[in-house]
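Worksheet: one structure, shown below.
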Amino acid sequence: MHEWTWADDIIVLFVKRHGCSRLGAASEREVARLLGIPWASFAKRMGNFEYQETDGRKGLSQCARQTVDVWCEYRERDQRTFLRHLDDARHHFGRAVRCSAQD
């Protein structure tokens, strides 16, 4: 079982809202693999953020408190600001993924 970190949740929310390409990953599955998170767990977390994003109309309702907190903290951040915060999470990827605010 994966122990979710704050950085993991930030990265999943970024992928949900902005996709994978700015992280240098080809797919959501690749991001999950680079984080060491089983794909099913990663996909469920994406569903938790969808639940938050749609005010409970879609997604998975059983959200961890940390996921809700990350949502509240980052839901209104634009992509550029979000990427600056993701720099703190870079160690999860090593050199395989870059987090860059540059176009």
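In region 33-54, what residues are of a type outside the set (S, T, N, Q) and closer than 18 Å to Gln66 by Cα? Those that are of a type outside the set (S, T, N, Q) and closer than 18 Å to Gln66 by Cα: Leu35, Ile37, Phe42, Ala43, Lys44, Arg45, Met46, Gly47, Phe49, Glu50, Tyr51, Glu53. Among the residues making up region 24-50, a single one is modelled with pLDDT under 90, in contact with a helix residue (DSSP H, G or I) (Cβ under 6 Å, 6 or more places away or on another chain) and part of a helix (DSSP H, G or I): Leu35.
Counting the residues of region 1-44 that are β-branched (Val, Ile, Thr) and under 22 Å from Lys58 (Cα atoms) gives 4.
For region 51-103, the tally of residues that are of a type in the set (Lys, Arg), part of a loop (DSSP other than H, G, I, E, B) and either buried (at least 16 other Cβ atoms within 10 Å of the Cβ) or modelled with pLDDT under 75 (or both) stands at 3.
Pairing each residue of region 14-30 that is farther than 22 Å from Trp71 by Cα with any residue that is surrounded by fewer than 16 Cβ atoms within 10 Å (Cβ to Cβ), provided the two are 6+ apart or on different chains, yields C-beta distances under 7 Å for Gly24/Arg98. Among residues of region 72-86 that are farther than 14 Å from Leu23 by Cβ, those with a Cβ under 8 angstrom from a residue that is among the charged types (D, E, K, R), sequence gap 6+ or separate chain, pair up as Arg75/Glu53.
Restricting attention to region 32-49, does a residue exist that is among the charged types (D, E, K, R), free of Cβ contacts under 8 Å to residues at least 12 places away in the same chain and out of contact with any strand residue (DSSP E or B) (no Cβ under 9 Å at 6 or more places or on another chain)?
Initially, region 32-49 is screened for residues among the charged types (D, E, K, R), giving 33, 44-45.
Those left that are additionally free of Cβ contacts under 8 Å to residues at least 12 places away in the same chain: 33.
When the remaining residues are screened for being out of contact with any strand residue (DSSP E or B) (no Cβ under 9 Å at 6 or more places or on another chain), the result is 33.
Yes.
The values are calculated or read from the model by the stated rules, or taken from the named source; none is laboratory data. Computed from a predicted structure; not experimentally measured. When we count neighbours, we look across all protein chains shown, and the Cβ atoms used for this are built from the backbone with ideal geometry, even at glycine.
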